[in-house]
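As structure tokens, the structure follows; a few thoughts come after it.
The values are calculated or read from the model by the stated rules, or taken from the named source; none is laboratory data. Owing to the predicted nature of the structure, the values given are computational and were not obtained by experimental measurement. Cβ sites come from the backbone with ideal geometry, for glycine too, and all protein chains shown count toward neighbours. Heavy atoms of the whole protein, side chains included, go into the accessibility calculation; ligands, DNA and RNA do not. Shrake-Rupley method; radii C 1.70, N 1.55, O 1.52, S 1.80 Å.
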Amino acid sequence: MSSDVDDAWALTRELSPRDRVRTAVLEYHGGPYTNDYASEARVAGERPQGPWAMYLADRRGYLFICFDLDAGKGNAAHDAGRLSLWLDELNIAHLVAVSGPAGGRHVWIALTEATHPALIRELADLAGSLLPSLDKSPLRNAETGCVRPPGSPHRHGGASTIASGAIATLQRGNTTVDQLALLREFLVDVGAEIPTAPVSIIRGMEHDSDGHPHLVGRRREPSARIRAMLTDAPAADTSTTQAAVLAGLARARWRYADIAALLEHSPALEHARSRPGVGGRIAVPRHVARRRLAADWQRAVYYVAASPTAGDSQDQDFQERAIAVTRAVRAVEHRADTMPGRWGLDGLSRPARAARGRYSHRAVLRAVCLYLVQAARHVVEVDVRRLARDTGYGREACRLALIALSTAETPQDVEGAWLVRVDPAEGAHGATYRLSTRFSTASDDAKWSQAAMRPAPSGGGDARTWWLNELTQALHALNHDTFAAPHSLGRTAGRVYAALSAEVPHSRAELSAASGISVDQVRRSLRRLTWYRLSDRTSSGWTRPDVDARDQVADLLDVAGYLEQRATRYDVERGTWAWWQAEVNWMRSRNKRRRRRRAPTGVALFPQNDRPDYPAYPRSSNHRADHVAARTLVGAGILRPTTTAAVAA
């Protein structure tokens, strides 16, 4: 046994991407080992007495992928068999090890070169939707992700033993990034998906009772072209037919229930019902087809809502735009994450830090990136009230953040800013912005641009969906009454909460770097978060609890409903302004009809109001516009479609 463990340590020395490994700690002196790998040992030193785990990545990226299938979460042996079969089908060399006496499995892949962590995280998310026993934490954090290598002892006895494959698979490392891209496409084809996060609703959208989005309005018949596509055989690339049909039906104000009724028999939805196979397309289970259709429907609705003038024609440039925008957003996020001082971490004083940048600027930049990814366009309209809804900051803070982000340090260098204003606000429309061109150049990481940004066979939405999740979750954690309302825990505690992970423990130093605040502030915030059960302390760091208790904490602090009330107030302000702009346009128009006194017996043969979208603006006794009354009416719902139609009639 000692010889086997020594051989395992020699293998670890040969394979380890770093000069240290993580080692398990004792539960108490002389007691058993725990599952907490809180200490480290040098690879060049003596073999640890207990279990050890090898890091999967170095500073450049991942050199190994290990799918850690936990027997406590599901049927690890079955999931390992499925994954191994898929890898064999793609000719990806791998090794399967039985991790210990409980029956867990480790599926190892060695890479030819360091691979960007974002691609590995996406693979983990996709595989996790198909393999219930998968523990994604080693693949979601390149800094701390580690797994016990083959031969390493287990805390309950025994060791990690090889079930299939050879050690040479790990020693050679012959899996390329292109093969990982094929694996990602294969996982999507067999039904994997990254659930799209609940991004903010674009103007003109609603959700049904089941949470599926749709455009507001009465359902109508789609165009003749879309009706023909619903019954004709699909194109060779079934994804293009399905994408065009879903966009056309979304524009016709159909809902997901209407689409789901067509799933079983419409040729246009063949892409959701089946996946590619050797002899043709292979049917997928019904629940998988519904899940794929729901994800594609959500993407189609968001795209149509963000591109109202696209018509029913297929957008040939969508994939290229989505790739370019996603690449630019990735460059912005990477640059922003590597500059904590820009958002107030370092500086001589709090005013000095504020002069360089505030965290509200970082949140607004992240929200604008989210809008760009949603629309898959380089230029988007930005409304400060919508920014306030999505970030949790007030409209004035968002307005100042936009000014700061679009102001270059050198006035002559417009592209030196983070954002560039394309057009100013006009009427009811907000200003439009784009990212600086310095973020639109091709990434230095050619492998990432080739693999992670490659259009997927399901319509190029996987990398885009991954960024939708990343950006939305980063905004969602801080955007809550518990941190944004007066007399709440405060935004400093919210930033620490947003930096916590439910899967990977973080030290105070790591939380400081991620949240952009000092270690002392992190320590005080963690004390408050732990008191309200919003963080858990372990021997290796702090984690976020599995159960989200923010709503309960907001009730305890008596701040529940603050953001909702503010959002309602902003909606009233936005509606009143749009109503007034429509009134101004009507007053400036020529040949407008004016109301005349109707005879008591007169019958109106035609509508007596030429304001099709808005009723007449309220006015005082001296015929001046009464904005206070207008706000009251908007708050009462006068601008709802049914109310507007009744008033116009």
If you wrap a convex hull around the Cα atoms of the stretch 1-115, how much volume per residue is inside, in Å³?
131
Net charge over other residues, Cβ less than 10 angstrom from the Cβ of residue 534 (K, R count +1; D, E count -1)
+2
Which ³J(HN,Hα) values, rounded to whole Hz and listed in residue order, are derived for the stretch 217-227 from phi using the Karplus coefficients 6.51, -1.76 and 1.60 in 6.51 cos²θ - 1.76 cosθ + 1.60 with θ = phi - 60°, glycine and proline given as x?
x, 7, 5, 9, 6, x, 5, 4, 5, 5, 4
Please give the net charge around residue 241, taking every other residue with its beta carbon less than 10 angstrom from that of residue 241, where Lys and Arg add +1 and Asp and Glu add -1.
-3
For the stretch 285-304 and the stretch 555-570, distance of Cα centres in Å:
33
Highest-first arrangement of 229-236, 122-129, where packing means the average Cβ count within 10 Å
122-129, 229-236
Hey, with R₀ at 25 Å, roughly what FRET efficiency would residue 587 and residue 378 work out to, going by the Cβ-Cβ distance, to 0.05?
0.10
In debye, nearest 20, what is the charge dipole magnitude of the stretch 81-237 about its Cα centre with +1 on Lys and Arg Cβ and -1 on Asp and Glu Cβ, if you could check?
320
With θ taken as phi - 60° and the coefficients 6.51, -1.76 and 1.60, list the Karplus ³J(HN,Hα) couplings across the stretch 63-75 in order, rounded to whole Hz; mark glycine and proline as x.
9, 9, 10, 10, 7, 8, 9, 8, 5, x, 9, x, 7
Computed for the stretch 459-592: size of charge dipole around the Cα centre, +1 on C-beta of each Lys and Arg, -1 on C-beta of each Asp and Glu, debye to nearest 20, value 520
Can you tell me the FRET efficiency between residue 220 and residue 36 if r is taken as the Cβ-Cβ distance and R0 is 56 Å, rounded to the nearest 0.05?
0.40
Which loop trypsin sites (Lys or Arg not before Pro) in the stretch 11-91, with loop taken from DSSP, have no more than 10 other Cβ atoms within 10 angstrom of their Cβ?
59
Among 617-627, 499-509, the order from most to least packed when residues are scored by Cβ within 10 Å on average:
499-509, 617-627
Which Cα, out of 217, 256, 236, lies furthest along the positive dipole direction of the stretch 207-258 (beta carbon charges, K/R +1, D/E -1)?
217
Estimated dipole of the stretch 479-527 in Debye, rounded to 20 [Cβ of Lys and Arg +1, of Asp and Glu -1, Cα centre]:
180
Under the 0.36 nm per residue contour assumption, what length would be gained going from the current alpha-carbon distance of residue 58 and residue 503 to full extension?
158.2 nm
Give the calculated FRET efficiency between residue 523 and residue 49 to the nearest 0.05, with a Förster radius of 41 Å applied to their Cβ-Cβ distance.
0.80
Show the residues, 5+ positions off or on another chain, whose built amide H is closer than 5 Å to the amide H of residue 406.
419
Go from 0 up to the bin containing the longest alpha carbon distance in the stretch 79-201, width 5 Å each, and give me the % of pairs per bin.
2, 10, 19, 23, 23, 13, 6, 3, 1, 1, 0
Can you tally the net charge around residue 6? Count Lys and Arg as +1, Asp and Glu as -1, for every other residue whose Cβ sits under 15 Å from the Cβ of residue 6.
-2
Please compute the Kirkwood hydrodynamic radius of the stretch 501-543 from all pairs of different C-alpha atoms, in Å with one decimal.
10.3
Taking θ = phi - 60°, what integer Hz values does the Karplus form 6.51 cos²θ - 1.76 cosθ + 1.60 yield along the stretch 105-114, in sequence order, with x for Gly and Pro?
10, 10, 10, 9, 9, 9, 9, 6, 8, 4
Could you list the chymotrypsin sites (Phe, Trp or Tyr not before Pro) in the stretch 1-74 that lie in coil according to DSSP, counting only those with at most 10 other Cβ atoms within 10 Å of their Cβ?
28
Residue (of 517, 485, 542) at the positive-pole extreme of the stretch 451-571, dipole from beta-carbon charges:
517
Cα convex hull of the stretch 146-286: mean projected area in nm², to one decimal?
14.3
In terms of the charge dipole of the stretch 43-154, which places +1 on Lys and Arg and -1 on Asp and Glu at the beta carbon, the residue among 104, 49, 91 farthest towards the positive end is 49
Rounded to the nearest 10 Å², the accessible area of residue 143 using a 1.4 Å probe with every protein chain kept is 120
Under Stokes-Einstein, the stretch 24-70 at 10 °C and 1.306 mPa s, with its Kirkwood radius over C-alpha pairs, diffuses with a coefficient in µm²/s of 124
